[in-house]
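A.B. asks: One structure follows; several queries about it will come next.
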Amino acid sequence: MSEDFFQGYKGEALDLLKKYQVRVWGQAEIQTTRGDFKGTVLPRSENDDDKHIVLKIITGYNIGIDTGTVTGMKETGYKKANYQIPEKEFPITEGLPKIKLLGTGGTIASRLDYRTGAVIPAFTPGELYGAVPELADICNLTTDKLFAVFSENMGPEQYKKLAISIGEEIEKGIDGIVIGHGTDTLSHTAAALTFMIQNSPIPIVLVGSQRSSDRPSSDAALNLMHAMTAAGHGDIAEVMVCMFGPTSDEYGFLHRGTRVRKMHSSYRSTFRTIGDIPLATVTRKGVVPIKQDYKPRRKDKQVKIMPYFEEKVTIVYYYPNMQPDVIDALVDAGYKGIIIAGTGLGHINKPLYPAIERAHAKGVHMFMTVQTLWGYTHMFVYDTGRDLMAKGIIPAANMLPETAYIKLGWTLGQTNDPEEVKRIMLTPINDEITEREPYNGYLIYQGGVKEVDEFVRKVHK
Amino acid sequence: MYNYQKMENHFDPRANYEKTKKEVSYVPRKEATQKTYDDIGFMSGLEVHQQLLTDKKLFCNCPAGRFHDSDDYDAEVIRHMRPTLSELGEYDGTALMEFKTRKEIVYRLKHQTTCTYEVDDTPPFPINRQALDIAIEISLLSKLNIVGEVHITRKQYLDGSIPTGFQRTAIIGVEGEIPLKNKNVRLIQLSIEEDSCREISDIGHTRVYKTDRLGMPLIETVTYPDMVNPDEVMEACNYIRFLNRSTGKVRVGMGAGREDVNVSCKGGTRVEIKGVAHTKWIPELTHNECFRQWALLKIREKLQSKFADYKAWEMSHGFLDFDMFEITYEPLKVAKDSGEKLVAVNLPGFKGIMSHFTQPGKMFADEISDRLKVVACLEKPNLLHTEQFEPIITDLDLDIIAPMLNAGPDDAQLIVWGPEEDMKTALETIEERCKMAFEGVPEETRKSFENGTTIFERVLPGADRMYPDTDSAPIPLTNEVIDELSKGLPTDVVARYNQLKEWGVAESTYNYIFKRNLFPIIDTISKKHKISPKWLGNFIGHRMKWVEGHFEKGEGFNYEIIEDLLVFLKKKNYNLKLAYKMLPVLYHYPKMELESVLTSIKFKERQQDEITEKIDFLSEKFSSICYSDSTENRIDWIMGQLSRMAYGNMGLENLYQVVKQKISE
């Protein structure tokens, strides 16, 4: 295949470059009606228009030249940039725990992709060591890039593959697993792995970053160090999410995989444990448990891998005036399980009743969760709730809607028997349903109030 | 190590300092001529920063231009900065150095001026168009070639002055020109950028910033190094500042305009003096920096003559025990009590170098000390050496140290102390700076002081720290947009600026005058009706502005009414000062007859005689009521009684003379 000399350019801009024989990475002198410009021609992002040529000028800045103003152009040199994170061999240190980092994609370590202008991941131990040399003081690292998909493209196939790979690593005697993952669906994967990998003797830590590692203030390096510390030195042998506690570079939280949720589109401290308190805090010095009822690390290899998933499962987010045909359409499309995120204590409106009855009659498994995220379903309180239960909707206590979705998929991957489905769904595997909600589980304070502002001034958020 | 009186005089550092100062041919700036600068190859360029006058910040909707005290904050956020790779796959030198310093950066936030964007918890909003348009206008005035598309770029700053670790910045134009008295100075580029945090403190491993200024729109005009003496640098700087200000669309006042000055000497290196707060500091700073470089080249020459293969030069060090010495020096006592480490270093061949002149009042050893503060986070004083003017290391101390280090007679020794974990970096820093002395002038940025000297701030960052901003899309600048902005441009702003200055109009009025485009009115009225432009400029720039801020504008008011008003007063032969009282009324009721306006301010036309004839009566009255009968008091009192009546009818100065005369009669 011939080399692409005009990366990303199309239409007018491409014609112009071809006409004057100027390549991407070529040094160019361009005459325009606005004066002369000099610099290195850079690739153009594929989604940008075809009316500009991107130039890196001598001072390091990028500028765009309007093709309509160009009167002449000349290539005076050529130097292709070699963009890579310096790769150094990851040092092996006697006595440090063995960690396997499994790559799924995401932005833990990354570099720029000129075609899209976005960042793409880089992931070998050598590259990681080049970027975060402190990791060598924490563990002996090996990596496996299982797949390179963006977080939103993670799904059942990937969950199963991950579970099986982790089972194999445990069999081989690894001390801890870290999974690099985009943050958007990090909690979905955490829930799936909690169900698919049961009785793990070692920590399984999912980690991502909210600021890609191409930024000096990225949370990636610290998150990685925290995750490696939790996986290699921590005593908690569960599937956990490890991300920033406060937005400050201070400590990370370990969240139980079934109770964690991304709560802000861009904050570093976006992951929160919902309806409970986090498992532990983690710094480079080690893991400090907050909850005492965790599953401790063991020496055996008695893990149970259960890689099942039924894909015909969905979540319906209820809103006022929802029409019954929404439910009907799902049933007709062959969906076998529906998680409803209902209002308040777990409600939907009356006009949906016939559709619910129809779905139930067709054997669709329906579970009720709450849109409020915090709190339990309580379907005995109002008639509506009692009606719904009579029509086949099973309340799922305080299971988070996304966790319930993952669990129903996993359950239906094993059985279709209504009683068995109900039993599995309502038997917690790792706190997806809790018996108690601690009084300090729900803490959403409002700024502007004197005592809250005083707290925020004193304690790093 | 106790303060002692020098017993033997092996080596006199003070004499060495003076001797080397002469060798460098240093002269104070007042005595310097163009030849002085030509001889050492003075070369300088500028980066002039100017805040733009916008309502909001550049990439978020926080208000711009509100500031708060360092202790007035609502929350704190902590960040650490790590170097990343540039787009071209390289780490930047500064980045690596900053990483070495391992600073904990604390940001103090105030709700009013800071949102989640400033602390990098929200991606940027689209660029502030108001700011972008002002930047384009100033680029056009600076005769720059305007880019076809604005690309937001991230420029890394690992000192923590921006919580993201980079500044979002973009080029608006390249290759322009400004005219000075005797020559044209070429411009490299003009960029728009977000302003950084203001530093509150920097002690040890903690640096504290506040975020009020962070994100405010700023432009940076960069010149080629075309200036060949310190005065030219200041002239160019003033020109750029005036040009920016003449648009009336930039901020003025403390910190609104700041300069970075690049200086080099023949055979030297581009050194950047950062954040010069006052233009008037520029000549002294550039003068001294050029000579500092010249001195460093002299040092290189001396060192190279001592070491044939200077790449093999190595220093040696040994850890000391505090108990080996009798310690009276206070900082060392503190270090001992806090369990710090003490290290002695031998610098082969550096005798006579440590006390070598670099700047007025500074020697080479200060170059090492400055770096220890920044790179190894050791607060000053952080070292002692064998060529201090007031020695603290005694001969007795040296008897212990020298053999331990295998020191020779041509060597210099220094002692450094600090926390154990910082010692590795400290030793590396000392060795690095000494090795640089063999190479000449290190590339660095320096912090300026009012006395014209500078200290090391950071390693000079290169183009490697630039990175495209993946959070922002490019913004096309079409010919239509540029043509439209060109239309509104004043054609000869700088000439107008200079004209106002020449007339003696107060500088505080300029922004208002340019913003409202009132220059042509001042110019026309003063010429047409022979009114002093100084008086008119101040009247419009101060009184008109005040009136606009305090009264409601009546329908039909426009600035031409000012002309009608002044013509009316002139024709009636009234004192022009009446305009001050009439303007508020006229502004609110622009259609009112001018005579009626006079009535409304209770003005009564009086002949001069009518006023002055009361003087005798008043003088008598004063005699009967006064406590102290001085002439001065008498005049003052009479003036007080008559001034209201005189207002508009006769000048007070004139009245004063008449009163004075009448009393003495």
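A.B. asks: Using 1/(1 + (r/R0)^6) with R0 = 25 angstrom and r between the beta carbons of A:PHE380 and A:GLU152, what's the FRET efficiency to the nearest 0.05?
C.D. replies: Numbers: r = 38 Å, r/R0 = 1.51.
So, using R0 = 25 Å, E works out to roughly 0.10.
A.B. asks: Strictly over 28 Å apart at the Cα level, which of B:LYS19/B:LYS183; B:LYS249/B:LYS553; B:LYS19/B:LYS274 would you flag in this model?
C.D. replies: Values: B:LYS19/B:LYS183 38 Å; B:LYS249/B:LYS553 23 Å; B:LYS19/B:LYS274 30 Å.
Violating the 28 Å Cα-Cα cut-off are B:LYS19/B:LYS183; B:LYS19/B:LYS274.
A.B. asks: Further question on the same structure: Rounded if a/c is under 1.5, else prolate if a/b beats b/c, else oblate: with a ≥ b ≥ c from the C-alpha gyration tensor eigenvalues square-rooted, which is the range A:98-305?
C.D. replies: Working: a/c = 1.34, a/b = 1.22, b/c = 1.10.
Because its axes are fairly even, with a/c under 1.5, the range A:98-305 counts as rounded.
A.B. asks: Lysines within cross-link reach of A:LYS295: Cα-Cα under 16 Å, excluding same-chain residues under 8 positions apart?
C.D. replies: Cα-Cα hits under 16 Å: A:LYS304.
A.B. asks: Here's another thing I want to ask about it. Counting other C-beta atoms within 10 Å, and keeping those with at most 12, which DSSP coil GluC sites (Glu not before Pro) do you find in the range B:448-554?
C.D. replies: Here the GluC sites (Glu not before Pro) that fit, given the DSSP loop and packing criteria, are B:GLU450, B:GLU552.
A.B. asks: Rounded to the nearest 0.05, what FRET efficiency do B:HIS10 and B:ASN451 give with R0 = 30 Å and r taken as the Cβ-Cβ distance? Could you check?
C.D. replies: With R0 = 30 Å, the Cβ-Cβ based efficiency is 0.40.
A.B. asks: Still on this structure: Would you tally the net charge around B:ASP120, using a Cβ to Cβ cut-off of less than 9 Å, leaving B:ASP120 out, and scoring K and R as +1, D and E as -1?
C.D. replies: Values: positive: A:ARG211, A:ARG215, A:ARG268, B:ARG79; negative: B:GLU118, B:ASP121.
Once positives and negatives cancel, what remains is +2.
A.B. asks: Further question on the same structure: Please label the shape of the range B:269-423 as rounded, prolate or oblate, based on the square roots a ≥ b ≥ c of the eigenvalues of the alpha-carbon gyration tensor (a/c under 1.5 means rounded; beyond that, a/b larger than b/c means prolate, else oblate).
C.D. replies: Working: a/c = 2.14, a/b = 1.37, b/c = 1.56.
Note, shape of the range B:269-423 comes out oblate.
A.B. asks: In debye, nearest 20: dipole of the protein assembly as shown around its Cα centre with unit charges on the Cβ of K, R (+) and D, E (-)?
C.D. replies: Numbers: 140 positive and 159 negative charges, 428 e Å.
So the magnitude is around 2060 debye.
A.B. asks: Suppose every Lys and Arg Cβ carries +1 and every Asp and Glu Cβ carries -1, with no other charges. What dipole size does the range B:309-446 come out with about its Cα centre, to the nearest 20 debye? It would help to have the intermediate numbers written out before the result.
C.D. replies: Values: 13 positive and 28 negative charges, 64 e Å.
Using only the charged Cβ atoms, the result is roughly 300 debye.
A.B. asks: Continuing with this model, one more query. What does DSSP give for the protein assembly as shown in terms of the percent of beta bridges that are antiparallel, rounded to the nearest 5?
C.D. replies: Details: 123 of 164 bridges.
Antiparallel: roughly 75 percent of the beta bridges in the protein assembly as shown.
A.B. asks: I would also like to ask the following. For B:LEU398 and B:SER532 in one chain, what is 0.36 nm times their gap in residues minus the Cα-Cα distance, to one decimal in nm?
C.D. replies: Working: separation 134, 0.36 × 134 = 48.24 nm, distance 7.51 nm.
Additional length available on full extension: 40.7 nm.
A.B. asks: Under a plain spin-label model, where a point goes 7 Å from the Cα along Cα-to-Cβ, how far apart in nm are B:VAL481 and A:GLU420?
C.D. replies: 6.4 nm
A.B. asks: For a label point 7 angstrom out from the Cα of B:SER25 toward its Cβ, which stretches of the range B:337-362 have the backbone nitrogen within less than 15 Å?
C.D. replies: Under 15 Å, as judged by backbone N against the label point of B:SER25, lies no residue of the range B:337-362.
A.B. asks: Another question, then. Identify all lysines with a Cα-Cα distance to B:LYS110 below 20 Å; exclude those on the same chain that are fewer than 8 residues away in sequence.
C.D. replies: Qualifying lysines at Cα under 20 Å: A:LYS450, A:LYS458, A:LYS461, B:LYS56, B:LYS57, B:LYS210.
A.B. asks: What spacing in nm lies between the two simple spin-label points modelled at A:VAL288 and B:ILE625, each 7 Å away from Cα in the Cβ direction?
C.D. replies: 7.9 nm
A.B. asks: In chain A, once you exclude exposed GluC sites (Glu not before Pro) (DSSP loop, at most 11 other Cβ within 10 angstrom), what's the longest stretch remaining? Don't jump to the answer; show the numbers that get you there.
C.D. replies: On the way: sites that count: A:GLU3, A:GLU89, A:GLU94, A:GLU435.
So the longest stretch without any such site is A:95-434.
A.B. asks: Rounded, prolate or oblate: which fits chain B, taking a ≥ b ≥ c as square roots of the Cα gyration tensor eigenvalues, rounded meaning a/c under 1.5, else prolate when a/b beats b/c? Walk me through the intermediate numbers first.
C.D. replies: Numbers: a/c = 2.41, a/b = 1.78, b/c = 1.36.
Judged from the Cα gyration tensor, chain B comes out prolate (a/c at least 1.5, a/b above b/c).
A.B. asks: Counting only DSSP beta bridges with both residues in the range A:313-426, tell me the antiparallel percent, nearest 5. Present the calculation step by step, with values, prior to reporting the outcome.
C.D. replies: Values: 1 of 15 bridges.
Counting only bridges with both partners in the range A:313-426, antiparallel ones make up about 5 percent.
A.B. asks: Per-residue ellipticity at 222 nm for the protein assembly as shown, helices alone: DSSP H runs ≥ 4 residues times -39500 (n - 2.57), over residue total, nearest 500 deg cm²/dmol?
C.D. replies: Details: 34 runs with 372 residues, N = 1126.
The helix-only estimate for the protein assembly as shown comes to -10000 deg cm²/dmol at 222 nm.
A.B. asks: What's the FRET efficiency of B:ASN406 with B:ASP38 using the Cβ-Cβ distance as r and R₀ = 41 Å, to the nearest 0.05?
C.D. replies: Given R0 = 41 Å and the Cβ-Cβ separation, E is 0.35.
A.B. asks: Right, next: Within the range B:577-633, list the chymotrypsin sites (Phe, Trp or Tyr not before Pro) lying in a DSSP loop whose Cβ has at most 13 other Cβ atoms in a 10 Å radius.
C.D. replies: Filter output for the range B:577-633: B:TYR627.
A.B. asks: With charges only on Cβ, +1 for K and R and -1 for D and E, what is the dipole size of chain A about its Cα centre, in debye, rounded to 20? Walk me through the numbers before you get to the answer.
C.D. replies: Working: 53 positive and 55 negative charges, 90 e Å.
The calculation lands at about 440 debye.
A.B. asks: While we're looking at this one, here's another question. What is the sum of charges around B:GLU484, taking Lys and Arg as +1, Asp and Glu as -1, for the other residues whose C-beta is under 13 Å from the C-beta of B:GLU484?
C.D. replies: Values: positive: B:ARG129, B:LYS487; negative: B:ASP133, B:GLU137, B:GLU480, B:ASP483.
With Lys, Arg at +1 and Asp, Glu at -1, the neighbours total -2.
A.B. asks: Quick check on the range A:98-305: of the DSSP beta bridges with both residues there, what percent are antiparallel, nearest 5%? Can you show the working numbers first?
C.D. replies: Working: 21 of 40 bridges.
Antiparallel bridges: around 50 percent, rounded to the nearest 5.
A.B. asks: What distance in nm separates the simple spin-label points at B:THR599 and B:ARG129, each placed 7 Å from Cα in the Cβ direction?
C.D. replies: With each label placed 7 Å out from Cα toward Cβ, I get 5.0 nm.
A.B. asks: Given the pairs A:LYS38/B:LYS30; B:LYS181/B:LYS581; B:LYS591/B:LYS660; B:LYS21/B:LYS380; B:LYS306/B:LYS362, which span a C-alpha to C-alpha distance of over 32 angstrom in this model? Show your work: numbers first, answer last.
C.D. replies: On the way: A:LYS38/B:LYS30 41 Å; B:LYS181/B:LYS581 42 Å; B:LYS591/B:LYS660 42 Å; B:LYS21/B:LYS380 25 Å; B:LYS306/B:LYS362 23 Å.
Where the Cα-Cα span goes over 32 Å, the pairs concerned are A:LYS38/B:LYS30; B:LYS181/B:LYS581; B:LYS591/B:LYS660.
A.B. asks: Consider a paramagnetic label point 7 Å from the Cα of A:LYS304 along Cα→Cβ; state which residues of the range A:137-157 have an amide N under 18 Å from it.
C.D. replies: Answer for this model: none.
A.B. asks: What are the trypsin sites (Lys or Arg not before Pro) within the range A:1-48 that DSSP puts in a loop, where the Cβ has at most 16 other Cβ atoms within 10 Å? Walk me through the numbers on the way to the answer.
C.D. replies: Details: sites: A:LYS10, A:LYS18, A:LYS19, A:ARG23, A:ARG34, A:LYS38, A:ARG44; in loops: A:LYS10, A:ARG23, A:ARG34, A:ARG44.
Here the sparse-neighbourhood loop sites are A:LYS10.
Since every read-out is calculated from the coordinates, none of them should be taken as a lab result. The structure presented is a predicted model; accordingly, all values stated were derived computationally and were not measured. Glycine also receives a Cβ, built like all others from the backbone with ideal geometry; neighbour counts cover every protein chain displayed.
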